[in-house]
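Note sheet for the following structure.
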Amino acid sequence: MILSFMKNSSSLLLGLVYCILMCCTDEPQTTIVHTGLVKELTDEGVLFTGSIQGSDTDKIHEYGFVWSTTNEPSLLNNRFKVGEGSFKGEFAQQINSNLVSNSEYFVWAYVTTPSSTIFGEATKFKTKNIKGPVITAFSPVRGSSNAILTITGNNFSQQSDRNLVRVGALTCTIISSTATEIQARLPSEIIISGKFKISVRISEATTFSMEEFILEGPILTEVNPLAAIQGTTITIDGEGFSTTPTENIVQFGQTISEIITASETRLTVKVPPTDFAGTVPLTVTVNGITGQFPSLFTIEGPEIFSINPTQAYPGEIMTINGKNFSAITNENKVFFSIHDAKILEASTTEIKVEIPFFLSNNPDNAVDVKVVVTQKSAIKPQSFSALSPWSNSVEFAGIARTHAASFVIGNKGYLGTGTFSANCVCPMNDFWAFDPQTNSWDQKTDFPGPKRYHAMGFSIGDKGYIIGGYTTSGVSSDVWEYHPTLDQWTQKNDYFPVTSENSRIVTTNSKVYLLAGNGLSEYNAVLDQWSNKASFPGTVLGLPYRTFSFTIGEKLYACGDTKGFYEYNPQSDIWTRKSDVPLPDGGTGFVTFSLNGEGYVGSGRYYENFMDSYRFYRYDPITDTWEQVPSTHYTVQNASTFVISGAAYYGIGNYSDFVQKHFVKFNPNY
């Protein structure tokens with residue numbers, strides 16, 4: 001212990017200055033107070049010493065010591081009154097409370113008279129590891145509101161306001177205190193019951209009683225069992241219960257349970273239905289006083305042990321193993337993040353689900369798989385990562401646009417024209433080639449016709465064609481042929497004018513077809529002529545972009561403004577109704593392509609449910625069935641598409657008012 005104190009002449013002068021400042025009488029001051037050494041610096045505390053001299057010590061009211069961490073003496077500091085009345089000579093006091101371990105303090109001896117307070121000079125000291133207060137006993141051992149506790153022990157503070165007494169979390173009012181005894185009153189209107197430790201805190205030191213004080217009211221001593229599913233009957237043993245069942249309120253967390261029987265020492269209750277599984281406090285309230293069981297009660301619910309697989313494509317089947325599932329299928333719900341999964345089979349220990357298709361629109365993030373049974377969520381959700389057949393391709397190198405024309409020649413895709421705004425007539429004429437082998441774009445000779453958007457593109461053999469579209473003058477009917485080897489354009493014979501917004505060009509293995517409203521025309525590239533074919537029998541309401549079409553082999557497939565889906569056979573020139581399209585209502589501007597003898601349709605824009613814009617469906621002409629495929633992560637309308645080397649690409653276009661440059665790739669062999 002390092003001990004420093006002020007005993008030189010300057011310190012004495014400072015003490016005399018304090019005497020002058022703190023004296024409130026007009027008479028000369030003749031009582032001299034001196035602060036002595038601080039002795040016996042141990043873990044038991046410290047020993048303060050001082051002395052009083054003078055001619056009028058008979059006027060002393062009390063004397064003692066004050067101490068503080070700042071060099072400012074005051075009776076509001078930590079204070080210990082050593083004695084009262086007339087005194088002259090030396091005095092000392094052992095102090096073991098209101099001291100913080102390993103801290104520096106200043107101490108002053110003091111006296112008070114009817115007219116003044118006199119402080120001695122300051123002595124500085126540093127404490128060691130001070131022992132805190134000690135509780136040896138208390139009485140009574142039980143009580144309720146406003147009960148008075150007598151706590152005996154050691155190292156309590158003589159200053160009542162320096163002692164903090166609590167019963168559990170309840171703060172008591174200090175009535176009186178000495179170094180060995182505290183009297184404290186419990187709060188009024190106590191609303192809890194149970195067994196709690198008594199604590200005494202002085203400065204930074206806190207001590208607890210060995211025994212527990214009983215706050216009277218319902219006391220819960222045993223719960224059997226301590227874990228169960230909803231509807232299970234359990235017993236609660238203790239004291240202070242009411243024999244009238246309705247006068248007891250038993251709660252599992254915030255949920256009130258049904259009471260079956262009641263006595264003063266036992267309650268029989270049912271675990272109530274809750275919307276979660278896990279641990280909750282178990283309480284009993286009688287006459288406004290609530291007792292809580294010391295341990296938490298476990299409401300058992302569905303629990304997941306494992307999922308298989310942990311990584312898969314949407315649409316595949318997952319098996320979830322666990323316990324407390326419902327054998328009634330519709331009482332279970334399985335969520336992949338926020339997406340509700342289709343349940344195929346269910347037992348109390350196993351659920352089979354179809355992995356939701358929407359997961360693939362964000363394939364980089366793992367999601368939690370959760371099970372909910374009768375509104376109760378399972379504990380231990382499992383992590384799952386969705387695979388996706390969709391991947392990002394290189395962005396379009398030109399200006400972002402929508403309503404462009406495109407076609408494929410060999411192993412390259414070609415794209416041009418369009419508008420750089422979805423809200424104005426802003427036609428374009430630049431032209432680009434996409435090479436999937438290098439994943440790059442290369443600008444080609446500009447389209448030589450008038451700038452346009454909503455034109456249609458197709459290819460025959462080693463040449464590409466762009467026809468129609470909107471120019472600043474209106475609907476165009478010109479036809480242009482592109483030669484990729486020469487990078488040159490040649491104008492061909494015009495086709496008969498049609499309303500371009502409802503026109504779609506599709507090609508089979510050997511022919512080109514133009515669908516314009518309900519009209520169908522076939523193009524002969526050798527003769528450079530168009531001929532009429534059987535009209536499309538589906539509904540076309542004249543609303544732009546809601547129709548779609550694609551070809552598979554030598555046959556054409558088309559859908560109008562409703563779900564009616566038709567197949568066209570060029571050999572017989574006949575349309576045949578096929579299975580309705582499962583796309584949700586309200587879509588527009590779909591993406592379509594054909595791969596491996598199957599047709600695909602999806603994306604686009606939906607005005608009522610944005611999430612529908614991620615859907616994609618595949619059509620099998622052999623079985624005449626539609627099947628949902630993993631959702632895309634890129635939603636767009638009025639896009640351009642390429643099918644090259646067994647993969648599909650789509651991109652640019654717009655969503656609402658925003659034109660795009662993005663392209664994605666679809667691998668059908670997932």
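Computed from the coordinates by the stated procedures, all read-outs in this text should not be read as laboratory data. Quick caveat: nothing in here was measured; it's all calculated off a predicted structure. Quick reminder, even Gly has a Cβ in these numbers, built from the backbone with ideal geometry, and neighbours come from all protein chains shown.
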So if each residue of separation counts as 0.36 nm, and I subtract the Cα-Cα distance between residue 374 and residue 349, what length gain in nm does that give?
7.5 nm
If I take all pairs of Cα atoms in segment 54-117, what percentage of them are more than 21 Å from each other?
26
Added length on full extension, which subtracts the Cα-Cα distance from 0.36 nm per residue, residue 319 to residue 224:
30.8 nm
For the chain, longest principal axis from Cα atoms; helix 9-22 axis from its Cα atoms; angle between them, nearest 10 degrees, is 90
Label-reachable residues, segment 255-284, where backbone N falls under 19 Å from a point 7 Å from residue 170's Cα toward its Cβ:
283-284
Compute the FRET efficiency between residue 473 and residue 296 as 1/(1 + (r/R0)^6), taking r as their Cβ-Cβ distance and R0 = 60 Å, and round to the nearest 0.05.
0.15
Looking at the P(r) of segment 554-661, how many percent of alpha-carbon pairs lie beyond 23 Å?
28
Note on the chain: the mean projected area of its alpha-carbon convex hull, in nm², is 49.9
Could you go through segment 517-533 in sequence order and give the Karplus-derived ³J(HN,Hα) for each residue, using 6.51 cos²θ - 1.76 cosθ + 1.60 with θ = phi - 60°, rounded to whole Hz, and x for Gly and Pro?
x, 8, x, 10, 10, 10, 9, 9, 5, 5, 8, 6, 9, 10, 9, 6, 10
Average the reciprocal distances over every distinct pair of alpha-carbons in segment 391-666, invert the result, and give the Kirkwood radius in Å.
18.6
Between the alpha-carbon centers of segment 254-316 and segment 549-623, tell me the distance in whole angstrom.
51
For the modelled label position 7 Å from the Cα of residue 311 along Cα-to-Cβ, which residues of segment 330-371 have backbone nitrogen atoms closer than 15 Å?
363-367
Report the calculated FRET efficiency for residue 423 and residue 261 (r = Cβ-Cβ distance, R0 = 51 Å), to the nearest 0.05.
0.10
Once the Cβ-Cβ distance between residue 531 and residue 340 is put in as r, and R0 is 41 Å, what FRET efficiency do you end up with, to the nearest 0.05?
0.20
Given the peptides 125-133, 485-493, 339-347, arrange them by the average over their residues of other C-beta atoms within 10 Å, most packed first.
125-133, 339-347, 485-493
In vacuo Debye scattering of segment 134-215, one point per C-alpha: log10 I(q)/I(0) at q = 0.11, 0.14, 0.15 Å⁻¹?
-0.23, -0.38, -0.43
Under the definition of Cα pairs under 8 Å and six or more residues apart, what whole-number percent is the relative contact order of segment 282-362?
25
Additional length obtainable on full extension of the chain from residue 580 to residue 623, 0.36 nm per residue less Cα span
14.2 nm
Report the convex hull volume per residue for segment 297-410, counting only C-alpha atoms, in Å³.
158
Computed Rg/Rh of segment 219-299, alpha carbon atoms with Kirkwood Rh:
0.92
Taking the Cα centre of the chain as the origin and placing charges on Cβ (Lys, Arg +1; Asp, Glu -1), which of 590, 78, 454 is farthest toward the positive end of the dipole?
454
